[in-house]
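A.B. asks: Structure in structure tokens, see below.
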Amino acid sequence: MGARWDIFCSVVDNYGDIGVTWRLARQLAAEHGLDVRLWVDEPAAFLRLCPQADAALTSQRVEGVEVCHWLSEFPAVEAAEVVIEAFACTLPASYVAAMGTRSLKPLWLNLEYLSAEDWVAGCHGLPSPQPGGLQKFFFFPGFTGGTGGLLHEAGLIEQRQAFQADAEARRAFLAEIGVALLPGARLISLFAYENLALAAWLDVLAQQATPTQLLVPRGRIEADVQRWLGVGELEEGGCWRRGNLQVHLLPFLSQADYDRLLWSCDFNAIRGEDSFVRAQWAGRPLLWHIYQQEEGAHWDKLDAFLDLYRADLPTAAASALTALWHAWNGRGDMAAAWAPVQLQGSTLEQHADNWCREQASRPDLAGALVLFHRNWLSCAA
């Protein structure tokens, strides 16, 4: 087993933080032979992503990773060689003190949120001196050279392509989660925050000649779906028909099953960070519901990604995509924006696959972290 790595994750109000750190921890252990501890302050959130875990245990080994409950009274443990504080969470004071007692101080990394903004590459890898002779480095995931890249496991794209080429595998998976395919239907997945733009989009889907099956894992958008359907309660596993739209309420899926859901669909509406990246690996057109920030700061982040993503698109396709993403996030009319996207369907499908291939050709985030540690050790020697 290689060096020990400790990853700290504080769950805020969604599943993006734990989703990213759990994927990262598994990949570091499986592909790089590292001894990884993942410290999580909300075991119930972890349990949603990893149902085989036991939320009652303070420490357990799951899929090659030691998963530990990050308690307010932090236990006395030896600090690891590499310490990752994910998304600006605050490390326990006792653990920081333990870091300072090591003869070779640990590599301390602040794993930041994903962004396509121009300033990211300039800040990636910058040091921040800390008390006690410690030094923290900022590590930014990203879509371009000079950043830390994106999380993707070895062989992921090949696995996805094989699944998408196997109609029977796709049909069997959908049947497992309670979805029977309708002849000629388009499949759309929906994972979003509460969204006032949803009703207008569903109205259009219900009126279109092409039948649509909307696959909705349980989550925050559920109440908006219920309101549009006009039903008293949504039962998990149920389906409802309105016009040419059939809505399926799915259980909250494990990460592996959520990947397969994205691979199965023709179009994916996703949210946050973890599902955003996984939808890109699906190689299908996507619609991003970005997490809203104070004073509209999220718009800079959304438009920065769109600038990169649409760079190689023809003007009509780029304009249609931009209008749809803006409408979905509160600036525009989803009913008016959906039709132009449909006209550009084949162009957007090919572009999604091309984008996936381009991003997959770059170094992945886990590998970039390991390389950063190796180079840091060389400089420290």
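Each reported figure results from applying straightforward, stated rules to the coordinates on display, with no laboratory input. Model, not experiment: these values are computed from the prediction. So basically every Cβ, Gly included, is an ideal-geometry build from the backbone, and we count neighbours across all protein chains shown.
A.B. asks: Cα-based Rg of the chain per 2.2 N^0.38 Å, rounded to two decimals?
C.D. replies: 1.03
A.B. asks: Please get the size of the charge dipole for the chain, origin at its Cα centre, with Cβ charges of +1 on Lys and Arg and -1 on Asp and Glu, quoted in debye to the nearest 20.
C.D. replies: For the chain, the charge dipole is close to 420 debye.
A.B. asks: Please work out whether the range 142-222 counts as rounded, prolate or oblate from its C-alpha gyration tensor, where a ≥ b ≥ c are the square roots of the eigenvalues and a/c under 1.5 means rounded, while otherwise a/b larger than b/c means prolate and anything else oblate?
C.D. replies: Cα axes put the range 142-222 in the oblate bin.
A.B. asks: What does DSSP give for the range 156-360 in terms of the percent of beta bridges that are antiparallel, rounded to the nearest 5?
C.D. replies: 20
A.B. asks: Helices from the chain with mean Kyte-Doolittle at least 0.5 and a Cα length along the axis of 15 Å or more, per DSSP H: which?
C.D. replies: What comes out of the filter, once short or polar helices are dropped, is 315-328, 365-380.
A.B. asks: Shifting gears a bit: Rounded, prolate or oblate: which fits the range 156-360 when a ≥ b ≥ c are the square roots of the eigenvalues of the alpha-carbon gyration tensor, with rounded for a/c under 1.5 and prolate only if a/b beats b/c?
C.D. replies: Since a/c stays below 1.5, the shape of the range 156-360 is classed as rounded.
A.B. asks: Once phi is turned into ³J(HN,Hα) by the Karplus curve 6.51 cos²θ - 1.76 cosθ + 1.60 with θ = phi - 60°, what whole-Hz value does each residue of the range 135-142 show in order, with x for glycine and proline?
C.D. replies: For the range 135-142, the Karplus-derived couplings read 9, 10, 10, 8, 10, 10, x, x Hz, x marking Gly and Pro.
A.B. asks: Take E158, project a point 7 Å from its Cα along the Cβ direction, then tell me which residues of the range 353-375 have their backbone nitrogen under 15 Å from it.
C.D. replies: Taking a point 7 Å out along Cα→Cβ of E158, the residues of the range 353-375 whose backbone N falls under 15 Å are 361.
A.B. asks: Which value in deg cm²/dmol, rounded to the nearest 500, describes the helix-derived mean residue ellipticity at 222 nm for the chain, given -39,500 (n - 2.57) per DSSP H run of n ≥ 4 and division by the residue count?
C.D. replies: Here the helix-only value at 222 nm equals -13000 deg cm²/dmol.
A.B. asks: Rounded to whole Å, give me the distance from the Cα center of the range 1-70 to that of the range 87-108.
C.D. replies: 18
A.B. asks: Just check the range 277-324 against the gyration tensor rule for me: Cα atoms, a ≥ b ≥ c as the square roots of the eigenvalues, rounded for a/c under 1.5, and otherwise prolate or oblate depending on whether a/b exceeds b/c.
C.D. replies: Oblate shape, in that a/c is at least 1.5 and b/c is the bigger or equal ratio.
A.B. asks: Hey, another quick one. Give the percent of DSSP beta bridges with both residues in the range 94-214 that are antiparallel, rounded to the nearest 5.
C.D. replies: 30
A.B. asks: How many percent of DSSP beta bridges within the chain run antiparallel, rounded to 5?
C.D. replies: Percent antiparallel among DSSP bridges in the chain is about 20.
A.B. asks: State to the nearest 20 debye the size of the charge dipole of the range 156-360 about its Cα centre, where the only charges are +1 on K and R beta carbons and -1 on D and E beta carbons.
C.D. replies: 460
A.B. asks: Of V370, G345, V67, whose Cα points farthest to the positive end of the dipole of the chain (charges on the beta-carbon: +1 Lys, Arg; -1 Asp, Glu; origin at the Cα centre)?
C.D. replies: G345
A.B. asks: Right, something else. Please go through the range 210-286 and write out the GluC sites (Glu not before Pro) that DSSP classes as loop and that have at most 13 other C-beta atoms within 10 Å.
C.D. replies: E233, E235, E236
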